[in-house]
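Data first, discussion second: the structure below is written as structure tokens.
The values are calculated or read from the model by the stated rules, or taken from the named source; none is laboratory data. The model shown is predicted, which means the values in this text are computed figures rather than measured ones. Positions of Cβ are generated from backbone atoms using ideal geometry, with glycine treated the same way; all protein chains shown enter the neighbour counts. When the accessible area is computed, the model is the full protein with side chains, heavy atoms only, and any ligands, DNA or RNA have been set aside. Shrake-Rupley method; radii C 1.70, N 1.55, O 1.52, S 1.80 Å.
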Amino acid sequence: MFFNRAAARLILALALFAPAASPQASAAGYPDRSVRIVVPFGPGGIADTTARIVAEKLGDKLGQRFYVENQPGAGGIAAARTVISSPPDGYTLALLSNGTAISVSLFKKLPFDPLKDFAPVSSLGFFDFIFATGSGSEFKTLGDFIAAAKAKPGALNVGTINIGSTQNLSAELFKTLAGIDFTIIPFRGTPEVMVSQLQGDIALMIDGYSSMKGNLADGKLRALASSGLVRSESTPELATVRESGATGYDVVSWNALFAPAGTPPEIVNTLNAALRAILADAEVKRRLLELGIEAKASTPQEISARLQSDIDKWQRVIEKAGIQKQ
């Protein structure tokens, strides 16, 4: 009896002083419960749709439910706070984008550092923006628009969504690299830009392929160029902005998966391997390409380097355009 009581007390003491299970200790069985992906945009957009397609496939691949939680807000601050304040155990992930890189230069001070507070996992997809005009426009090519802008500096209007968006900064970069001047009209959202373009109130609009797809198919819009350095897989017949006369022009947006800093490498590697398989799947590639997105996985190091590169790039554009920090 004495031995049993002593042994019991010893076991209890060891249990009390044993260290709590660390993230590393639980990495081997990851995932063993649901995983949320926090998206800093509302439902229905490119980022949200990409995240939902990937979440469904991650669930199939890893045997647990992956679900999307939308937390829209200025600069993705609310979403970022949610993720970086979560345990670094792989059960709360963030979708970051080119918009995250812009936010670093657009805001006076962010309550997070995307390069230090997150552990990169993999890119999900890359997509160009389309430069388009109305079907009745005199411009048949983007070169025509450039020539007209040179002939009448400041006379033409270009519509984008809000100041500081990738679309808006794409227009600012276009001015610089094409050596032209025009008036950028910022709208609250894509529907307003679209209405203005279809009414002929603006000469050109810049937005994502998915938002224009229906009007392009119906012949209400005419696509003039795509924004990437090389032609997009979704619009291979379309010349690039660079080919149209803006030397060096290259704007490609992206979405990627990140975890909180300190997430065990084993978990990051598990997610990365699953994403590589998912994004190579023909069905996933087709579904994303229909939205104008080229599915592509990366190493953690590659997407981290892309984030840093875009931070540097958009800082220069914002400073040259004289956009005030928020």
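Values for this structure:
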| quantity | calculated |
| --- | --- |
| Listed residues Ala223, Ala147, Ala94, most fluctuating in the chain (Gaussian network, C-alpha, under 10 Å) | Ala147 |
| Value of [θ]222 nm, deg cm²/dmol, for the chain, DSSP H segments ≥ 4, -39500 (n - 2.57) each, nearest 500 | -13000 deg cm²/dmol |
| For segment 80-89, 3J(HN,Hα) per residue [Karplus equation, 6.51 cos²θ - 1.76 cosθ + 1.60, θ = phi - 60°, Hz, x = Gly/Pro] | 4, 4, 4, 6, 6, 8, 8, x, x, 10 |
| Accessible-area value, Arg287, 1.4 Å probe, nucleic acids and ligands omitted, Å² | 60 |
| Length-normalised contact order of the chain in % [C-alpha pairs under 8 Å, at least 6 apart] | 25 |
| Fraction of accessible area attributable to carbon and sulfur, segment 162-256 (%, probe 1.4 Å) | 51 |
| Segment 32-41 - phi-based ³J(HN,Hα) in whole Hz, Karplus 6.51/-1.76/1.60, Gly and Pro as x | 10, 7, 5, 10, 9, 10, 8, 10, x, 9 |
| Taking segment 225-326 and dividing mean pair separation by its residue count, relative contact order in percent (alpha carbons under 8 Å, at least six apart) | 20 |
| Eligible aspartates and glutamates near Lys150 by straight Cα distance, threshold 15 Å, same-chain separation 8 or greater | Asp181 |
| Arg306 - accessible surface, heavy atoms, 1.4 Å probe, Å² rounded to 10 | 70 |
| Dipole of the chain, positive direction: furthest Cα of Ala132, Ala101, Ser85, with charges on the beta-carbon | Ser85 |
| Carbon + sulfur, % of accessible area of segment 28-100 - ligands and nucleic acids excluded, 1.4 Å | 50 |
| Formal net charge of residues neighbouring Thr235 (Cβ-Cβ distance under 14 Å; K, R +1; D, E -1) | -4 |
| Rounded accessible area per residue of the chain, 1.4 Å, Å² | 46 |
| Part-to-part distance (alpha-carbon centres) for segment 92-164 and segment 230-300, which is given in Å | 16 |
| Mean separation of Cα contacts under 8 Å, 6 or more apart, over the residue count of segment 222-271: relative contact order % | 28 |
